[in-house]
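Shown next, in C-alpha cells, is the structure this report addresses.
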Amino acid sequence: MRPLPESDRSFSPPTAQQVRTILDRYPPRPPSKLIAWLPIIALAVALYAAIMVTNNWAAILPWLTVAAVFIALGIQVYKARNLETQLTQAQELAMLREHIPALRRAWRLLPSLATLPPLHHRTVAIIAYCLDQINAYDAALVAYDYLSDQASTHDPVSLQLRVQRAILLLATDRLTDADDALRQLRSRIEPLTHTSIAASYHLASLVQQVRTNHWQDVVDHDTAKLIDTMRPLGIDAGYAYALIALSHHMIGPPHDPAAQQNASLWWSRATLLLPINKLVARFDELSLLLPNAHPVHTSTPPHHAEGTP
Amino acid sequence: MTPYTSQPSASSKRPRAATSTRPYVFSPYTLHQQLLFDATIRWSIVTAIIAYLVFSPVIDANAPGWSTFLGFALVGAWLAMSFAASRVTHQIPHMTALIDTDPAAAERLLAANLRRIPLSRSIRLILYHRLAVLRHSQHRFPETAAICHAVLTHYPPALTQRDPLSVPTFGSGPALNAPGLGSHVRSHLLIMLVDAHLRGSDLLGAYLGLTELHRLPLNLVDLIQRVVLQTRYELAAGHDHAVLRDVKQKVNLAEIMPPAQCGAMHAMLALAAKRTDHTTLAHWLQQRAQLLCSPQQLQAIGIPATSF
C-alpha cells in the first residue's frame, strides 16, 4: 500500500455534526427567477430606451447593454463549467480510491455549488461515499440520510442509498434500526435479481446475520447461488466471502476439519479479491480468522517478468 | 480509414422522406447534405441581417414601411431557428434516457428530429451521436461504425493533445486531463467506432481508432474504456506481451470498472498470460475472473471458461 502523504496522515474525518452543519448551511437553492429573467429585462429596457431616446450618445446604450448581458452570461457559464470540472476531478479521485483528497475537494466545493442543485447532489454523494470508505460511518450516515431524503422513493438510486444506509446502521451497531430498514426493503428488492442493488442487500443481510451471531443461517446459503448473487458487487464481493468464512469458522468446533476447510475456501476467495487489511478494517470481527493461518491469496498480481518472452 | 456505407448506395443518395414510425436510415451523403443545407440557411440569414443593417437607411428613404417589415421578418426568422434548436436541445436528455428504456421510442424521436431543417451544426452532430449510441445498443455494429466515422469527419478536431504513449497514473491528484464537452463526444464516438471494428474483426480500423483515442485528453471513464479496447485489440492481433505490459496498473484499473467488465478484463489478461507461459499469473487472473464473471458472461465476450 502506498504511504499516505503528510497532509493525509494528519487528516481526521469530519464528525456527523460537522456534516450536518455544512449540509444545513449550504442547502441547494435554484437561482432566483428574478436573476434568470434579468438579462431579458435588461434587453427590454435597452430596447425601450433605444426607441424613446433620440440622443446620439443614448443610441449606443442598447448595444452596450447587449454586450454587458452577453459578457455576464459568458462569465456565468465559465464559472459553472469550471466548478463541474473540479467536481469531476473529485469524482475521479474517489473512483481511484484516493478517498481523503476526494473528500477534501468535495467538501471545499460544496458551498460554491449551492446554486447548482444537480452538482450539489453529486458532491454530497461523493462526500457520503468517501466517508463510508474511510470508515467514518456516523458522518456517512448523515450524508446518506440527506441523499435519501432528496431522492424520489421510486428511484432505483433511492433503493441503493437505503441499502447502503442499512449497512452503515449495522456497522454502527444500530441493529434494531438496521433490521427495520432491511425488512422494509425486502419486498422491493426481491424482483431485482442479479443487480448490484440486490447484491448489496444480500451483503447487508449477511452482515446482519454475522452481527447477530446467526452463523448457521449464513452457512446454509447455496454456495453457487451465493457467488452468482454477489458477482454484481465486483471485488467488494470479497467482504461477503470473508463473512461466510467467518461463519464457517465460528459454527464448527475448533478442530472440525470440514468447517475449517470451508472457512479456508471462502477466506481464500475473499483474499483473492481484497487485501486482508482492508477486510479487517471494514469488519473487525474478521480478525478472529487471522491467527488460524487460513491459506490466503494475494489480491495483487503475482510478480512476473514483464515483456520477457 | 475506409469510407462506410451502411445501406445500399442507390437508396442513400438523398434524404428519405420516411414516416416517423420507420427507422432512420443513415447515409454519409444525407449527413453531408443536411449540414450543407443548415449552414446555407444560417449564413443566408446572417448575411441578410448584415445587409439590412448596412442598407436600411437606403430602404427607409425609398420605401418607408418596408424597412421595419424586413427587420421584423429577419429577426423572426432568426428567432424561429433558435426556438427550433432550443426545442431539440431540450429533448436530447429525454432521447438519451429512452435509448436504454425504450429504444423504439428513441428511434422515432431521433428520426423526427434528424429530419428537421435547419438545425445548428453542433445539435445535428449530437443527434447523430445519439443515433450511433442507439445503433450500438442494438448491436448493429457496421451501421454504428458508419455513423461514428461520418460524424467524426465533420467534428472539430481536439484542441489539446495527450502524450500518445502515456498510461494512467494513480494517486497523484488530478491525474487526468479535463476535456471539454466537445472532446467528450468525440472520444465517445471513437470508443464506439473501435468497439464496432473489433466486433467486425476489422483490426486495421480498430488500430486507427485507438491511435486517434491516444491523441485525445480523456476523462477517467473514457480512459478505462480505451484500456479495455486496446487490450481486446492486442489480444485479437496476437500481441500477448503487450497485453501483459503494466499488468499491475491494468488490474488496478479493472477493479474500478463495472463488475462484468472487470471480470472480462481479468479473463483477457489471463488468456494472454497463459499464451505467454506465465502460469502463476494466468492462474491468479483466471481464479479472479471466475469469481467476477459467470461462465455465460465469459462466453458472451468470446472467452469460454474452458479456454483458460
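The values are calculated or read from the model by the stated rules, or taken from the named source; none is laboratory data. Model, not experiment: these values are computed from the prediction. Cβ: placed from backbone, ideal geometry, glycine included. Neighbour counts: every protein chain shown. Each accessible area value is taken on the protein alone, full model and side chains, heavy atoms only, with ligands, DNA and RNA left out. Shrake-Rupley method; radii C 1.70, N 1.55, O 1.52, S 1.80 Å.
General remarks:
- Any pair with Cβ under 6 angstrom, 6 or more apart, that starts in the range A:68-83 at a residue that is closer than 15 Å to A:LEU38 by Cβ and ends at one that is of a type in the set (A, V, I, L, M) and part of a helix (DSSP H, G or I): A:VAL69/A:ALA42
- Qualifying residue in the range B:178-200 (condition: modelled with pLDDT of 90 or more, among the acidic types (Asp, Glu) and more than 14 Å from the chain's Cα centre (by Cα)): no
- B:SER122, sole failed condition from (1) part of a helix (DSSP H, G or I); (2) over 23 Å from B:ILE256 (Cβ atoms); (3) modelled with pLDDT of 90 or more: (3)
Okay, residues lined up against (1) among the polar types (S, T, N, Q); (2) in the same structural domain as B:LEU131 (by TED's automatic domain parsing); (3) outside any helix (DSSP H, G or I):
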residue	(1), (2), (3)
B:PRO23	no, no, yes
B:GLN34	yes, yes, no
B:PHE37	no, yes, no
B:ARG42	no, yes, no
B:VAL46	no, yes, no
B:ALA51	no, yes, no
B:ALA61	no, yes, no
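- Selection status of B:ARG245, within 13 Å of chain A (Cβ to nearest Cβ) and at pLDDT 90 or above: yes
- Helices (runs of 4 or more DSSP H) wholly inside the range B:210-266 containing at least 1 residues that are closer than 17 Å to B:HIS188 by Cα: B:220-237
- Leading residue by the ranking (farthest from the other protein chains (Cβ to nearest Cβ)) among those in the range B:248-263 that are farther than 14 Å from B:ALA289 by Cα and aliphatic (A, V, I, L, M): B:LEU253
- Residue within the range A:221-240 that is polar (S, T, N, Q) and either over 25 Å from B:GLN261 (Cα atoms) or open to solvent by 50 Å² or more (accessible area, probe 1.4 Å) (or both) present: yes
- Filter result for A:PRO111 (touching a Gly at 6+ places or on another chain (Cβ under 9 Å), surrounded by fewer than 24 Cβ atoms within 10 Å (Cβ to Cβ) and either acidic (Asp, Glu) or modelled with pLDDT of 90 or more (or both)): no
- Filtered residues of the range B:83-102 (kept if open to solvent by 50 Å² or more (accessible area, probe 1.4 Å) and in a helix (DSSP H, G or I)): B:PHE83, B:ARG87, B:THR89, B:HIS90, B:PRO93, B:HIS94, B:THR96, B:ALA97, B:ASP100, B:THR101
- Search result, residues across the range B:268-281 that are open to solvent by 10 Å² or more (accessible area, probe 1.4 Å) and more than 16 Å from B:ARG232 (Cβ to Cβ): B:LYS274, B:THR276, B:ASP277, B:HIS278, B:THR279, B:THR280
- Taken as a whole, the condition of being over 16 Å from the mean Cα position of the chain (by Cα), of a type in the set (Val, Ile, Thr) and surrounded by 15 or more Cβ atoms within 10 Å (Cβ to Cβ) applies to A:THR195.
- Entry remark, the range A:246-268: residues being within 14 Å of another protein chain (Cβ to nearest Cβ) and crowded, with 24+ Cβ neighbours inside 10 Å number 2 in total.
- Odd one out for B:THR231, checked against (1) open to solvent by 30 Å² or more (accessible area, probe 1.4 Å); (2) of a type in the set (S, T, N, Q); (3) closer than 30 Å to A:HIS194 by Cβ: (1)
- For A:ARG122, the conditions (1) free of Cβ contacts under 8 Å to residues at least 24 places away in the same chain; (2) open to solvent by 40 Å² or more (accessible area, probe 1.4 Å); (3) not small (Gly, Ala, Ser) all hold with the exception of (1).
- If the condition is being at pLDDT below 90 and among the aromatic types (Phe, Trp, Tyr), then the range A:59-96 contributes A:TRP63, A:PHE70.
- Residue satisfying all of: in the range B:267-299; part of a loop (DSSP other than H, G, I, E, B) and of a type outside the set (A, V, I, L, M, F, W, C); farthest from the other protein chains (Cβ to nearest Cβ) among these: B:ASP277
- Helices (runs of 4 or more DSSP H) lying entirely in the range A:124-240 (those with 2 or more residues that are over 26 Å from A:ASP284 (Cβ atoms) and more than 14 Å from every other protein chain (Cβ to nearest Cβ)): A:137-150, A:156-171, A:175-189
- Scope the range A:58-104; condition open to solvent by 40 Å² or more (accessible area, probe 1.4 Å) and of a type in the set (D, E, K, R); matching residues: A:LYS79, A:ARG81, A:GLU84, A:ARG97, A:ARG104
- Flag for B:ASP222 being within 13 Å of chain A (Cβ to nearest Cβ) and either touching a residue at least 40 places away in the same chain (Cβ under 8 Å) or within 19 Å of the chain's Cα centre (by Cα) (or both): yes
- Meets criteria (β-branched (Val, Ile, Thr), open to solvent by 60 Å² or more (accessible area, probe 1.4 Å) and at pLDDT below 90) for A:ILE51: yes
- Any hit, the range B:110-127, residues being open to solvent by less than 30 Å² (accessible area, probe 1.4 Å) and without any contact (Cβ under 8 Å) to a residue 24 or more places away in the chain: no
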